[in-house]
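Structure, as structure tokens:
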Ligand code: NAD
Ligand code: UGA
């Protein structure tokens, strides 16, 4: 099938390359000329494991190409995926201007019957608005919703091995079109659930809000754990092994970030208010998240009280490991709160330095590597759980630091090793360890999902 994917960001690129790998002929379209030029050279503009290789391979097979010419893409494909951004509007709702602009282009240029697949995350009811616009077109345009559940860092894997696929269609023809596109994955045994467009749209919001709620739930409990001397890691194992609860998205830390959880929770909250429902639970999810980031920074500041010209090494900037994405990263408010508290910050991230520079500018000192970042500092504040931080040599770190404090904002470090190196270990919702102390009764580790 000839498919065009409008928007070559995280979702559009991964979807386009993966659809090509399923045998379709895919044309990726973006308004960003530089992005399209780099893609045409086979270079991925984003860091996503396995993506560059897939783009190169599909390009070489002649199944994947890129253009800025949206008219050509419309003409040469019977199915059009929209994967443009749906960022937060000042109201808290989703800003759908980029999406509607593509829809209006299609209505103007359409030259035959088409299927329009909304891949972007959109508030429930958006499909109805899109269908109302496309009703005026010269040829029929079947509007369907196919929400995407990929995670950055494992995006290619998630797309090609989905837990399930959601097909949102309000007509048998729309459903059939989606089946045809994803037949290779259906043949491999991956489950599909077909439902109305509105239900599909709400399913996507519900999934992100539920995952964000779990993270905020454990983060709120981590505050109580700290207050009473319990260990949130033990609690996580204790509840996560209950099959009704499961282990995923229960890792306490500095709060969630990324381009989706914060914006989708806000958009859900906004839409509930719009229809007259008080979002009691949903409103608390982001509130807890904001507080979690600030509490972490304030704990670092408190430990450094009285230190002359305090310096902190911020380990990690991206909102999670295996991505260079800085959107809504907890590192941003944490860095700003520390800087406002008079701390000189040295920062390091294996992938996100370029993107972070555009946000933090000269408010921080940019380091070459972990050692450069850590030399002479009074404290380490780990914000992103990159493997390179987890496997550090703690005796070496203790030797090059000026102070002795390690703040593990992701509960990912071997606490005993940190303390054995003569450092204070501070985590999230866990008892602190003094230099030389061991941790009694440590539990097994379960995956955090
Ligand atoms: P992104 O900002 O990385 O990419 C969007 C791309 O669309 C940009 O390259 C932009 O230049 C391009 N674009 C904007 N207007 C255009 C137009 N008129 N024509 C052609 N290209 C245009 O966004 P993203 O992270 O890929 O997210 C896209 C959508 O997918 C959002 O709705 C998001 O909520 C949803 N989503 C994202 C993820 C994720 O992990 N990032 C996962 C699931 C769903
Ligand atoms: C998330 C969802 O997991 C995807 O299914 C969805 O498609 C995507 O949003 C989207 O709609 O954009 P992503 O934002 O890439 O994916 O990253 P996650 O792995 O979900 O992590 C989100 C944030 O939660 C990160 O900051 C992470 O550090 C944090 N997190 C996650 C925790 O603090 N604790 C956990 O236990 C899990």
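Computed quantities for the displayed model
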read-out: Tensor-based shape of region 172-219 (alpha-carbon gyration tensor, a/c under 1.5 rounded, otherwise prolate or oblate); value: oblate
read-out: Angle in degrees between helix 261-274 and the longest Cα principal axis of the chain, rounded to the nearest 10; value: 60 degrees
read-out: Sorted by Cβ neighbour density within 10 Å, fewest at the top, the residues 404, 287, 251; value: 287, 404, 251
read-out: Reciprocal mean inverse distance between Cα atoms of region 2-195 - Kirkwood radius, Å; value: 16.7 Å
read-out: Kirkwood hydrodynamic radius of the chain, Cα pairs, Å; value: 23.5 Å
read-out: Relative contact order of region 139-228, pairs being alpha-carbon contacts under 8 Å that are 6 or more residues apart, as %; value: 30 percent
read-out: Solvent-free Debye scattering, log10 I(q)/I(0), computed from the Cα coordinates of region 277-329 at q = 0.12, 0.13, 0.14 Å⁻¹; value: -0.46, -0.53, -0.59
read-out: For region 341-406 versus region 14-60, the gap between their alpha-carbon centres in whole angstrom; value: 33 Å
read-out: Cα long-axis angle, helix 172-187 against the chain (0 to 90 degrees, to the nearest 10); value: 50 degrees
read-out: Highest average packing first - 148-156, 127-135, 258-266, Cβ atoms within 10 Å; value: 258-266, 148-156, 127-135
read-out: Angle between the chain longest axis and helix 197-228 axis [Cα atoms, degrees, rounded to 10]; value: 0 degrees
read-out: Peptides ranked, highest mean first, by Cβ atoms within 10 Å: ranges 369-376, 70-77; value: 70-77, 369-376
read-out: For region 213-288 versus region 305-330, the gap between their alpha-carbon centres in whole angstrom; value: 21 Å
read-out: Per-residue Cβ neighbour rank within 10 angstrom, fewest leading, 190, 425, 10; value: 190, 10, 425
read-out: Cα gyration tensor shape of region 43-153, rounded if a/c is under 1.5, else prolate or oblate by comparing a/b with b/c; value: oblate
read-out: Average Cα contact separation per residue, region 228-325, under 8 Å, 6 or more apart, as relative contact order %; value: 23 percent
read-out: Gyration tensor (alpha-carbon) shape descriptor, region 326-376, a/c threshold 1.5; value: oblate
read-out: Relative contact order of the chain, defined on C-alpha pairs under 8 angstrom at six or more residues apart (%); value: 12 percent
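The numbers here are math on the coordinates, done by the rules we state, and not lab data. All figures in this text were calculated on a predicted structure; none of them were measured in a lab. In this analysis, Cβ positions are derived from the backbone assuming ideal geometry, glycine residues included, and neighbour counts consider all displayed protein chains.
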